[in-house]
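Every number here is computed from the coordinates shown, using simple stated rules; none is lab data. Computed from a prediction, not measured in an experiment: that's the story for all the values here. With ideal geometry, Cβ positions are generated from the backbone for all residues, glycine too; neighbour counts draw on all protein chains shown.
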Amino acid sequence: MAAILGISAFYHDAAAALVVDGDLVAAAQEERFTRRKHDAGFPAHAVRYCLDEAGIDAGALDYVGFYDKPLLKFDRLLDTYLSYAPRGFRSFLRFVPAWVRQKLHLPREIARRCPGYDRQIVFPEHHESHAASAFFPSPFREAAILTFDGVGEWATTTYGVGRGNRIELTHEIRFPHSIGLLYSAFTSFAGFRVNSGEYKLMGLAPYGEPKYVDRIRDHLMDLRSDGSFRLNMDYFEYCQGLKMTSRKFEALFGGPPRKPEGPITEREMDLAASIQAVTEEAMLRAATHVHAQTGMRNLALAGGVALNCVGNGRVLREGPFDNVWVQPAAGDAGGALGVALFIWHQLLGHGREPRTPDAQQGSLLGPRATDDGVRTFLNDAGAPYEEFPDDGSLCDAVADLLARGAVVGWFQGRMEYGPRALGSRSILGDARRPEMQSLMNRKIKFRESFRPFAPAVLRDRAPDFFEMRPDEDSPYMTFTAPVRDGHRLAPDERSRGLRGLDKLKAVRSDVPAVTHVDYSARIQTVDAGRQGRFGKLLRAFEAKTGCPMLINTSFNVRGEPIVCTPSEAYRCFRATAMDVLVLERFLLRKETQPGASPASADAYLAEFAPD
């Protein structure tokens, strides 16, 4: 047996992944255990989980890999600070001691956290880890590879090819020119948190008009026909480590940034629409160029920008590739998986046979709960429950509750690896009910009203509702697709006049709770073979209602990591307006719980900083 541990840490979304004899055995983000969103610290809990899942200790590991090269990254940081000195000196003094303590002493830290491991530590480049995570689990024997993110060591965008058990990155764009940092600059300017709020900016974009595209193209970004670009650094300050944008940026876009939690104005909506349009164009141009250069039919994507499912959807529908596969944990968390697979295939030379539909195992790679463990927890908590003998009776009962308007917390099997809930740690609702979007945002998620919800839809029925090919698959919510005309509702006179956030008031389709204001949806295709009990639930709901989809959102409140354990799921259920909780084969109804009157969510929400 050969066991390889991959680690990512010390920037954001720390994680660990374990590969045994080439198979993904376990992977998880540290935030799920510490309950700190985007936890960047050493992933000690995630490492322990991975080793326990395989039944080994650190001494049995053959290799440990870290997802980037700390010394090369330190070289970039020093070079950048010196280039802009004396500006950024305060940031330098605050940052460098922590960096030296964490990154430059990383071998010592790994030895301390993994007692018994005294072998080699492998450090590929950051974008090699991303590329490995994109290609090696993909279903492709050969593919073009494209990675975009904020920054690794020096590279911010790379492309190359994967063939068999090898990847080769041949071209790169280097810091400070970065599509990821450009998008993060607009995220920050719109009042959202960098490395957390980018998906909010993407969700806000359809409410606005792309009025600032020319201004971005004329002043901020020289975007070329091949997708390469350069940024005008006069408008940014992230090189100095102080803030993302400069006074010149503020003057260009009409004043200072929006304050976090302040009112969202037409300016923020239009800025979101504009930078989203520019980002999509950059992604499309890059994909077109990479196709022309490599001649490949398939494309594998990773890096934080590959979490932009709207851009991915356009690359899939409008780009030149026949097939596109996106690593579900496309951000830095996925680097842990990437480095482990990089060692197995690239460093050790082991063969690779692509798997169908892929080797990611539904990205269900995290911890699980047993029926006995759930039963013991519920009995100790004094929580009344119903226990079901089989999947059929459970799914039939839950489908009936959903059809009658219940909001259901759904906790099943292994936890998801990556930022999306895929039917293991999910909150579910009826997509046909117009009120569900507002209800779930306000009373369950406690988040911004403009945020869209995703549909989980039976794979064989997805093309009936969405503009997807019959063979198209989106099991990881990495693509958006338009709702088909046959399911859209014609806007009435009142709806046609709605602007900005008022667009939420219009009912746009016969599945309104998952139809965004631009008639798009972030799709999760589901089948029982990959998602097990969740697929059976969707099939039971379809049998009762004729509708093959449900709202699927992550099991958490704003600022909280997705729940990991039954006790965390139960606490979240009690603190929110969820009606029903399903823990494996056990069903709990809110009205039967001790102290069943709605609990104040304030104390619960106070545990988590707004993201």
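The calculated 222 nm mean residue ellipticity attributable to helices in the chain amounts to -9000 deg cm²/dmol, summing -39500 (n - 2.57) over DSSP H runs of n ≥ 4 and dividing by all residues. Highest mean packing comes first when the peptides 352-362, 302-312 are listed by Cβ atoms within 10 Å, giving 302-312, 352-362. Sparsely packed loop sites in region 346-443 (the GluC sites (Glu not before Pro) outside DSSP H, G, I, E and B with at most 16 other Cβ atoms within 10 Å) comprise Glu435.
A Cβ-based charge dipole, computed about the Cα centre of region 371-605 with Lys and Arg at +1 and Asp and Glu at -1, lands at about 760 debye.
Sites listed here are trypsin sites (Lys or Arg not before Pro) in region 396-488 whose DSSP assignment is loop and whose Cβ has at most 10 other Cβ atoms within 10 Å: Arg404.
Once C-alpha pairs closer than 8 Å and six or more residues apart are averaged by separation and normalised to the residue number of the chain, the relative contact order reads 16 percent. Remark: the Cα gyration tensor places region 344-490 in the oblate category, a/c being 1.5 or greater and a/b not exceeding b/c.
Within the set of other residues whose C-beta is less than 9 Å from the C-beta of Asp371, count the net charge using Lys and Arg as +1 and Asp and Glu as -1. Spelling it out: positives minus negatives among the neighbours equals -1. If a spin label sat at a point 7 angstrom from the Cα of Glu353 along the line to its beta carbon, the backbone N atoms of region 165-189 nearer than 18 Å would be those of 165-166. Here the extension length gained between Asp57 and Arg215 equals 51.3 nm, from 0.36 nm per residue of separation less the Cα-Cα distance. In plain terms, the bigger the Kirkwood radius, the slower the diffusion; for the chain, with that radius from Cα pairs, at 4 °C and 1.567 mPa s, Stokes-Einstein puts D at 52 µm²/s. Here region 44-199 is treated as a Stokes sphere of Kirkwood radius computed over C-alpha pairs; at 10 °C and 1.306 mPa s its diffusion coefficient rounds to 88 µm²/s.
About its Cα centre, the dipole of the chain is roughly 1280 debye, where the only charges are +1 on Lys and Arg Cβ and -1 on Asp and Glu Cβ. Other residues lying with their Cβ under 10 Å from the Cβ of Arg488 contribute a combined charge of 0, Lys and Arg counting +1, Asp and Glu -1.
Against the compact-protein benchmark of 2.2 N^0.38 Å, the Cα-based radius of gyration of region 371-605 scales to 0.99. With K and R counted +1 and D and E -1, the other residues having a Cβ less than 15 Å from that of Pro566 yield a net charge of +3.
Each Cα pair under 8 Å and six or more residues apart adds its sequence gap; the mean of these over the residue count of region 371-605 is a relative contact order of 32 percent.
Stokes-Einstein diffusion for region 414-528 at 37 °C, viscosity 0.692 mPa s, with a Kirkwood radius from C-alpha pairs, works out to 221 µm²/s.
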